[in-house]
Amino acid sequence: MCDGRKKFMEYGQRVLRFFCVWDDRDSEYGSMRRYDLFYHLADDMVEIVEHHENNDGRDPFKLLIHKMRLPKDYKDLPRNLTRLIDL
């Protein structure tokens, strides 16, 4: 059985959920933003979803990063690519 199928059979739809905070209050008009980071065990993909409050003045787009694989080696990435560390 291939590795992908084995992981899917073992983990199925299991997801790890982490509660995250981006504290940007030191910058002008900065605020504290809350996020959920979902790590999908079956396919090693990550998704980051923002929490919105009612009438917070932000765009209604909840996804900061759609479900995707993140590169493990950041050394070979182009310099102009925004990294997760920069966000």
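Taken together, the values in this text are just the output of simple stated rules run on the coordinates, not laboratory data. Not measured: the values here are computed from a predicted model. Because the Cβ atoms are built from the backbone with ideal geometry, glycine has one as well, and the counts that use them run over all protein chains shown.
Please go through segment 17-51 and pick out each residue that is surrounded by 11 or more Cβ atoms within 10 Å (Cβ to Cβ), free of Cβ contacts under 8 Å to residues at least 60 places away in the same chain and of a type in the set (A, V, I, L, M, F, W, C).
18, 20, 37, 38, 41, 42, 45, 46, 48, 49
Residues of segment 1-16 being surrounded by 12 or more Cβ atoms within 10 Å (Cβ to Cβ) and touching a Phe, Trp or Tyr at 6+ places or on another chain (Cβ under 7 Å), which ones?
In the first step, residues of segment 1-16 are kept if they are surrounded by 12 or more Cβ atoms within 10 Å (Cβ to Cβ); the result is 7-8, 11, 15.
The answer is 15, and nothing else.
Evaluate the following for residue 35: is it out of contact with any strand residue (DSSP E or B) (no Cβ under 9 Å at 6 or more places or on another chain) and among the hydroxyl-bearing types (Ser, Thr, Tyr)?
No, not satisfied.
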